[in-house]
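Trainee: Have a look at the structure that comes next, please.
The values are calculated or read from the model by the stated rules, or taken from the named source; none is laboratory data. This structure is a prediction, so every number in the text was calculated from the model and none was measured. Every residue, glycine among them, receives a Cβ derived from its backbone with ideal geometry; neighbour counts consider all protein chains shown. Side chains are part of the model used for accessible areas, which takes the heavy atoms of the whole protein and leaves out ligands, DNA and RNA. Shrake-Rupley method; radii C 1.70, N 1.55, O 1.52, S 1.80 Å.
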Amino acid sequence: MSNAVLVLNAGSSSLKFGIFDTEDGQPRRAHGMIERIGEAPHFRGFDAEGRPVTERRWETGAAMTHEDLLGPLLDWADDHLDSDHLVAVGHRIVHGGQNFAVPVRLDEAVIAALAALTPLAPLHQPHNLAAVRAIARLRPNLPQIGCFDTGFHRTMTDVATRLPLPARYHEAGVRRYGFHGISYEYIAHALAAADPARAAGKVIAAHLGNGASACAMLAGRSVESSMGFTALDGLMMGTRPGTLDPGVVLYMVEQEQLDAKAISRCLYSESGLLGVSGEASDMRTLLVSDRPESRLAVDLFCHRAAREIAALTVALGGLETLVFTAGIGEHAAPVRRMICARLAHLGIVLDDASNERHAPVISASASTIEVRVIPTDEEAMIARHTVALLSG
Ligand SMILES: Nc1ncnc2c1ncn2[C@@H]1O[C@H](COP(=O)(O)OP(=O)(O)O)[C@@H](O)[C@H]1O
Ligand SMILES: CC(=O)OP(=O)(O)O
Ligand SMILES: [Mg+2]
């Protein structure tokens with residue numbers, strides 16, 4: 001019997017999970033994901049060798065929430081622990097606010113403080129904390145550790161965190177935090193392992209999932225993020241618009257008399273790829289669609305991503321390496337091609353064959369910027385932090 005930690009990563013459209021050994025470099029024993037939450041949830045579980053062992057679909061499960069799917073997930077984890085002894089659960093917590101940056105033990109006081117941040121991350125924080133509370137009920141003595149999406153961005157400069165509003169807002173914590181930090185921390189480590197000289201230089205990583213952002217890194221540290229106070233800012237996403245003229249929100253209030261709840265629903269759940277296409281939030285569906293609205297949605301996604309990436313080059317004074325990661329960034333070659341075509345003036349030249357096969361390096365030798373695909377692993381990063389905190 002050996003010790004194991006369970007990791008839970010609730011994204012806006014997914015629940016990813018893994019069981020890690022606490023010793024021996026923490027190899028993954030079993031892992032899986034529930035994707036397409038909100039459309040038609042799809043559960044897949046894999047064994048330690050990466051072989052598929054479980055599959056389940058809820059074709060009519062559009063109304064199923066992250067919380068509804070937690071039961072099947074925890075049952076699966078129980079079955080796959082075998083004789084292992086579970087010593088902790090590590091969680092992704094999207095918003096740490098002003099007070100939480102480094103991984104922390106989730107006791108009742110911490111959970112309450114994090115719950116107060118729910119309005120700043122309504123697609124994530126409630127699901128993150130629901131899992132913590134469910135496990136606390138089932139196993140009150142099991143340590144639970146929270147790792148924050150905002151933590152990695154604590155190295156951003158004062159200028160990068162500031163919003164140009166009256167100063168009292170900044171003092172009240174209305175500032176740019178940045179998200180997807182667990183993923184960017186993993187990417188920084190993975191790039192350093194693959195090419196230490198590049199990792200020490202000017203890097204932009206584009207995390208393109210259902211939520212999407214980009215991060216400018218200098219020597220492996222975050223200097224600027226496209227996401228700000230909430231995970232609404234920056235790139236266009238599955239159901240969120242990204243950067244938006246605040247005048248649009250005033251229009252919604254004054255002309256349409258929408259209240260805060262209706263505006264929140266529009267900005268978090270009805271916009272982005274879903275809103276523009278009228279078809280789906282899922283890039284897989286849109287890439288094979290021939291509806292003009294769906295083509296426009298993909299085109300707009302690429303246009304806005306390229307704009308945000310180009311803007312981040314200002315924070316670095318140039319760019320040496322561009323990394324694509326997360327669901328779309330790792331798997332959607334046409335999206336990478338369209339984004340890079342819009343960045344050709346920076347000196348990016350893709351190698352089409354390498355891009356099509358999702359090779360680790362997808363730029364041509366003539367490219368002045370190296371373009372890479374690095375699969376992210378937020379669960380592994382959380383496992384590392386969880387084990388480190390447990391062992392003091
Ligand atoms: N093979 C694929 N081709 C194109 N897009 C893909 C592919 N696999 C996943 N995606 C897209 O990745 C997105 C989900 O990314 P993911 O990082 O899992 O999301 P989350 O933000 O919920 O963690 C969806 O838009 C999905 O369509
Ligand atoms: C912060 C965020 O948007 O996360 P995700 O991409 O997992 O939805
Ligand atoms: Mg995610």
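Trainee: What is the calculated FRET efficiency for R168 to A130, with r their C-beta to C-beta distance and R₀ = 22 Å, to the nearest 0.05?
Mentor: Details: r = 33 Å, r/R0 = 1.51.
So the FRET efficiency works out to roughly 0.10.
Trainee: Any idea which of I339, P292, A205 is furthest toward the positive side of the dipole for region 196-373, if Lys and Arg beta-carbons carry +1 and Asp and Glu beta-carbons -1?
Mentor: A205
Trainee: Same structure, new question: Report the residue, chosen from V276, V253, V223, that carries the largest GNM mean-square fluctuation when the chain is represented by alpha-carbon nodes joined by springs under 10 Å.
Mentor: Answer for the Gaussian network model of the chain: V253.
Trainee: Still on this structure: What list of ³J(HN,Hα) values in whole Hz, one per residue of region 264-276 in order, does the Karplus curve 6.51 cos²θ - 1.76 cosθ + 1.60 (θ = phi - 60°) give from phi, with Gly and Pro shown as x?
Mentor: Per residue, the Karplus-derived 3J(HN,Hα) values read 4, 4, 4, 6, 8, 10, 10, 9, x, 4, 5, x, 6 Hz.
Trainee: At 0.36 nm per residue, minus the direct Cα-Cα distance, what do R284 and L81 gain on full extension? Give it in nm, one decimal, please.
Mentor: On the way: separation 203, 0.36 × 203 = 73.08 nm, distance 3.26 nm.
Length gained, R284 through L81: 69.8 nm.
Trainee: GNM, the chain, Cα, under 10 Å: largest mean-square fluctuation among Q255, Q144, Q125?
Mentor: Comparing Q255, Q144, Q125 in a Gaussian network model of the chain, the most mobile one is Q255.
Trainee: Now a separate question. Assigning unit charges at the beta carbon (Lys, Arg +1; Asp, Glu -1) and nothing else, what dipole magnitude in debye, to the nearest 20, does region 14-104 show about its Cα centre? List each step's numbers first, then the result.
Mentor: Working: 9 positive and 16 negative charges, 80 e Å.
Using only the charged Cβ atoms, the result is roughly 380 debye.
Trainee: What distance in nm separates the two pseudo spin-label positions at S365 and A219, each 7 Å out from Cα along the beta-carbon direction?
Mentor: Going from the S365 label point to the A219 one covers 3.3 nm.
Trainee: About the Cα centre, and with charges only on the beta carbon of Lys, Arg (+1) and Asp, Glu (-1), how big is the dipole of region 196-373? Nearest 20 debye, please. Provide the component values of the computation, followed by the final result.
Mentor: Numbers: 16 positive and 19 negative charges, 95 e Å.
Dipole size: approximately 460 debye.
Trainee: With r defined as the distance between the Cβ atoms of E256 and M64 and R0 fixed at 30 Å, what FRET efficiency is calculated, to the nearest 0.05? Could you put the intermediate results ahead of the total?
Mentor: Working: r = 30 Å, r/R0 = 1.01.
Computed FRET efficiency for E256 and M64: 0.50.
Trainee: Here's something else I'd like to know. Got a number for carbon plus sulfur as a percent of the chain's accessible area, 1.4 Å probe? Display every interim value, and only then the final one.
Mentor: Details: 9170 of 17050 Å².
Carbon and sulfur: 54 percent of the exposed surface of the chain.
Trainee: Connecting C-alpha atoms closer than 10 Å in a GNM of the chain, tell me which of G238, G220, G347 has the biggest fluctuation.
Mentor: Greatest mean-square fluctuation among the candidates belongs to G347.
Trainee: Quick check for you: with a 1.4 Å probe and neighbouring chains kept, what is the accessible area per residue of region 3-148, in Å²?
Mentor: On the way: 6370 Å² over 146 residues.
Accessible area per residue, region 3-148: 44 Å².
Trainee: What spacing in nm lies between the two simple spin-label points modelled at R337 and E356, each 7 Å away from Cα in the Cβ direction?
Mentor: Distance between the two pseudo-spin positions: 0.8 nm.
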